[in-house]
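Q: Just dropping this structure here.
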Amino acid sequence: MLKLMIVDDSNIIRRKIERAQQGSHIQVVATARNGNDALAEFKKHQPDVVTMDLTMPEMDGIECIEELMKLNPETLILVISALSDKATGIEALHKGARGFLCKPFDEEKLGNALKELTEGLHV
Amino acid sequence: MSEATLQVFIDGVVRYFEHTSDKEVKLGTPYLIDNNAPAAFDYTGIIGVSGPYRGCVYFTAPRALLRHLLLSLGEPETGTENMIDLVGEVANTISGNARSEFGNEFMISVPVVVQGAPDSIHLPKSLRSYVIPVYWKAYSAAVVISLTSY
């Protein structure tokens with residue numbers, strides 16, 4: 001099983017992503033509502049995969065990606081954000097994210113994005 | 001504000017509701033209102049905008065629509081906390097998606113949610129805002145665009 005941490009300031013989005021993992025090869029080990037909480041949860045649970053919102057209070061997603069990369073550059077980060085401009089996507093990828101999914105999204109798009117991200121990993 | 005600018009937000013509303021299980025959303029003809037009487041339903045999610053455009057974008061909806069929309073998104077918990085979360089998330093998604101047209105200089109804030117009283121929504125009194133009426137199922141809501149360009 002791969003370990004997933006969900007980072008989003010919306011409880012609805014966190015629960016939506018969590019529900020979508022039921023019966024999959026991914027286990028949700030932590031959730032966080034901002035970048036600061038995410039760093040603390042990351043240290044505790046060492047997830048393999050992180051879904052990351054960008055617009056969040058306290059510490060935004062771009063800064064959080066930078067910090068997570070310092071802790072473990074092998075972490076697979078999928079950005080899930082409403083910020084749909086190319087420059088933001090490119091910036092997130094430069095900081096270390098491996099994929100980008102634009103909100104609004106459905107389960108199928110999320111499943112495909114996570115599959116693409118984790119393909120080839122030993123589960 | 002140009003018709004093309006308004007269309008960006010109209011497209012964003014349609015895109016949002018297309019991702020629910022009850023896809024059909026109808027939008028009314030946008031109209032102008034004075035900012036000293038902002039339109040609001042039970043809950044309003046407000047996104048502050050800075051950069052070349054300044055002001056705010058907000059999504060305002062009645063309780064009943066939000067409850068139904070939560071269920072339509074697969075969320076069984078329809079309490080106040082999730083309604084507040086949802087109205088902010090809709091505003092955030094519509095505003096964030098606008099960056100595909102306006103670019104990353106269209107800076108948006110995290111959502112601020114207000115309940116009920118329209119006088120909690122502070123808009124520049126000298127300006128007017130565009131209201132885009134939203135009709136989903138049997139409910140009415142609105143997206144309000146209050147932006148000036150620099």
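Q: For region A:31-57 and region B:100-144, what is the separation of their Cα centres, given in Å?
A: 29 Å
Q: Rounded to whole Hz and in sequence order, give me ³J(HN,Hα) for region B:135-150 from the Karplus expression 6.51 cos²θ - 1.76 cosθ + 1.60, θ = phi - 60°, writing x for Gly and Pro.
A: Residue by residue, region B:135-150 yields 10, 9, 6, 9, 10, 10, 9, 7, 10, 10, 10, 10, 10, 10, 9, 10 Hz.
Q: What is the mean number of Cβ atoms from other protein chains located within 10 Å of the Cβ atom of each residue in peptide A:100-106, rounded to a whole number?
A: Values: counts 0, 0, 5, 9, 13, 2, 6.
So the per-residue partner count for this stretch is 5.
Q: OK, next. Under 1.5 on a/c is rounded, so check that first for region A:1-59, then, if it is not, pick prolate when a/b is larger than b/c and oblate when it is not; a ≥ b ≥ c are the square roots of the alpha carbon gyration tensor eigenvalues. Numbers along the way, then the final one.
A: On the way: a/c = 2.62, a/b = 1.32, b/c = 1.98.
Here region A:1-59 falls in the oblate category.
Q: Enter the accessible area of residue A:60 (Å², nearest 10), with the probe set to 1.4 Å and all protein chains included.
A: 70 Å²
Q: Over all distinct Cα pairs, what is the inverse of the mean 1/r for the protein assembly as shown, reported as the Kirkwood hydrodynamic radius in Å?
A: On the way: mean 1/r = 0.0525 Å⁻¹.
The Cα-based Kirkwood calculation yields 19.0 Å.
Q: Ignoring any ligand, DNA or RNA, what whole percent of the accessible area of chain B comes from carbon and sulfur when the probe is 1.4 angstrom?
A: On the way: 3350 of 6650 Å².
Answer for chain B: carbon and sulfur cover 50 percent of the accessible area.
Q: Now a separate question. Could you run the Karplus curve 6.51 cos²θ - 1.76 cosθ + 1.60 with θ = phi - 60° over region B:38-53 and give me ³J(HN,Hα) per residue in whole Hz, x for Gly and Pro?
A: x, 7, 7, 9, 5, 10, 9, x, 10, 10, x, 10, 9, x, x, 9
Q: Right, here's the next one. Would you kindly give the portion of the calculated P(r) for chain A that falls above 25 Å, as a percent of all Cα pairs? It would help to have the intermediate numbers written out before the result.
A: Working: 851 of 7503 pairs.
Above the 25 Å cut-off, chain A has 11 percent of its Cα pairs.
Q: Using a 1.4 angstrom probe on heavy atoms only, work out the carbon and sulfur share of the accessible area of chain A in %.
A: Of the solvent-accessible surface of chain A, carbon and sulfur hold 46 percent.
Q: Tilt of helix B:80-97 relative to the longest C-alpha principal axis of chain B, in degrees (0 to 90, nearest 10)?
A: 40 degrees
Q: Continuing with the same structure: How are the C-alpha pair distances of chain B spread across 10 Å bins, as whole percents from the shortest bin up?
A: The percentages, shortest bin first, are 12, 46, 34, 8, 0.
Q: Can you list residues whose amide H is under 5 Å from residue B:134's amide H, if they're 5+ apart or on another chain and H is modeled 1.01 Å from N?
A: Amide H to amide H, under 5 Å and 5 or more residues apart or across chains, residue B:134 pairs with B:28, B:141, B:142, B:143.
Q: Once B and A are treated as a pair rather than alone, how much accessible area drops out, both sides summed, in Å² to 100, probe 1.4 Å? It would help to have the intermediate numbers written out before the result.
A: Values: alone 7530 and 6610 Å², together 12330 Å².
Counting both chains, the buried surface is close to 1800 Å².
Q: Determine the shielding of peptide B:88-100 by partner chains: average, over its residues, the number of Cβ atoms on other chains within 10 angstrom of each Cβ. Could you put the intermediate results ahead of the total?
A: Details: counts 3, 9, 2, 1, 9, 10, 3, 3, 10, 8, 4, 8, 7.
The mean count of partner-chain Cβ atoms within 10 Å per residue comes to 6.
Q: Ordered by residue, what ³J(HN,Hα) values in Hz, to whole numbers, does region A:62-67 give under the Karplus form 6.51 cos²θ - 1.76 cosθ + 1.60, where θ = phi - 60° and Gly and Pro are x?
A: Whole-Hz 3J(HN,Hα) from phi for region A:62-67: 5, 5, 5, 4, 4, 5.
The values are calculated or read from the model by the stated rules, or taken from the named source; none is laboratory data. It should be emphasised that the depicted structure is a prediction, and the values quoted were computed from it without experimental measurement. Virtual Cβ from ideal backbone geometry, glycine too; neighbours counted across all protein chains shown. Remember, those area values only see protein heavy atoms, side chains included, never the ligands or the DNA or RNA. Shrake-Rupley method; radii C 1.70, N 1.55, O 1.52, S 1.80 Å.
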